[in-house]
Structures are given as C-alpha cells and as structure tokens.
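Here the structure is laid out as structure tokens; the discussion comes afterwards.
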Amino acid sequence: MERDGNLREIRPHGTLLFPVCVHETRVEEDAPFPLYYHWHSEVEFLYLTEGSAVFMVEREQIQLREGDVLFIRPDVLHGSMDRNHCAPTFRALDFDPAFLSGIANDAIQQKYLSPMFFGSLPHYRFLGRDSEDGKRMYALLTQIHAIFTEDRDGGELLIKSMIYEMLYHLYRNIKNDGEKGYIPDVRKSEFIRKIVE
C-alpha cells in the first residue's frame, strides 16, 4: 500500500470518469499485519470473505469475521494489526462520495448522503453477518466484486444502483439502532494520525 507522510493512501481508487475501485487482499500467514493504518477521501465498505481479523477505526476496535461488513467514512484512519492467528481474506469497495451526487444539494444529498459521509451520523458502522442488513450488504458487495472483475458491459450502471441499495440498508440499520456511535471530531482524527505516524 502506498501512503504519504501523513498516512494518506495515494493509490488511485478508480478513474476520473468512474471513481470506484474493488480490490481483494489475501493476507499471507507470515505477514506482520493485514492492513497498514491509512486514510483516504473515499467512502469504503470492507468485508471479510475468509478468516477473521481485528480492525481499528481510529480509536475503536472491531472484530470482523467472514461475512461481516464494515462501513468507513471518508478521511477516517483505519487499519488492522491483528489477524487472529489466521490468514484472512478481505475485499474493499472504495468510491468517491461525489460519484453519487445528483443536482447540487438535492434532497437525497441533504437527507442521506451528507449526514452519512460527512455529518452527524457515526464515522463507521459494523454490520454483522447475522443481521438482515448485514447479509444483504454482503450479498450486494459480492455481486459488485463479480461485476467489477468481469468488466461487464453496462456494469457501471449496476454497480451504482447497488451502492445506492447498500446505503439504503446502512441508513436503515443506523436509524433502527438509534444512531449509536460517536460524531467524528476532525481535530481528534488529525491527532490520532500524528500519534500513529
């Protein structure tokens, strides 16, 4: 993983015309850790397809097992130092938040996208494999990976529609749970990055 001096990931996520990237990481048994600490300006959905690992999202530890999904907001420090004595495999879907924007500041942007990506809703969300929303999101992420890997004609349309469906399940999950989680503090985030660096 390429990072700059501030732990910002500098690997491009997609292209200018289709700012979406889907990638898979298979962790070797002798690897020191599964995922170096980093941050980026894209939204990320991370999910385990094999094994388990402990991921950190800023100061929070989250245990992920096969089938679990983790939503991470833009500009949030995350990584993993613990692979639970196994060789996990995980995939990530990264996309630029502007990819979903419609007309400037429309109702969807105001009511859903801005709060989820930049506003008052939690800066990450764990969706377990046993929850209805978690199962649906895992299935959608698996389909997106297949479409992206096949480079299917018209696949961009399907991927964009599936991302919107995932955000529906994410929003529903957060609302049903009473919006638990804490509101991100940008100064705290920068402080944590400096400590890790």
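The values are calculated or read from the model by the stated rules, or taken from the named source; none is laboratory data. Source: prediction; values computed, not measured. All Cβ positions, even for glycine, are placed from backbone atoms using ideal geometry, and neighbour counts span all protein chains on display. What goes into the accessible areas is simple: the full protein's heavy atoms, side chains included, and nothing from ligands, DNA or RNA. Shrake-Rupley method; radii C 1.70, N 1.55, O 1.52, S 1.80 Å.
Among residues of the stretch 159-172 that are more than 17 Å from LYS111 (Cα to Cα), those with a beta-carbon under 8 Å from a residue that is aromatic (Phe, Trp, Tyr) at least six positions away or on a different chain give the pairs ILE159/PHE148; LYS160/PHE99. Scanning the stretch 117-157 for residues that are touching a helix residue (DSSP H, G or I) at 6+ places or on another chain (Cβ under 6 Å) and open to solvent by 70 Å² or more (accessible area, probe 1.4 Å) yields one hit, ARG136. Scan (1) in contact with a strand residue (DSSP E or B) (Cβ under 9 Å, 6 or more places away or on another chain); (2) over 22 Å from GLU9 (Cβ atoms) for the single condition PHE126 breaks and write down its number. That leaves (2) as the condition not met. Taking the condition in contact with a Lys or Arg (Cβ under 9 Å, 6 or more places away or on another chain), open to solvent by less than 20 Å² (accessible area, probe 1.4 Å) and over 21 Å from LYS160 (Cα atoms), does ALA87 pass? Answer is no for this residue. Exactly one residue out of LEU100, LEU121, LEU77, LEU93 is in contact (Cβ under 8 Å) with a residue 60 or more places away in the chain, touching a Lys or Arg at 6+ places or on another chain (Cβ under 7 Å) and farther than 21 Å from GLU28 by Cβ: that is LEU77.
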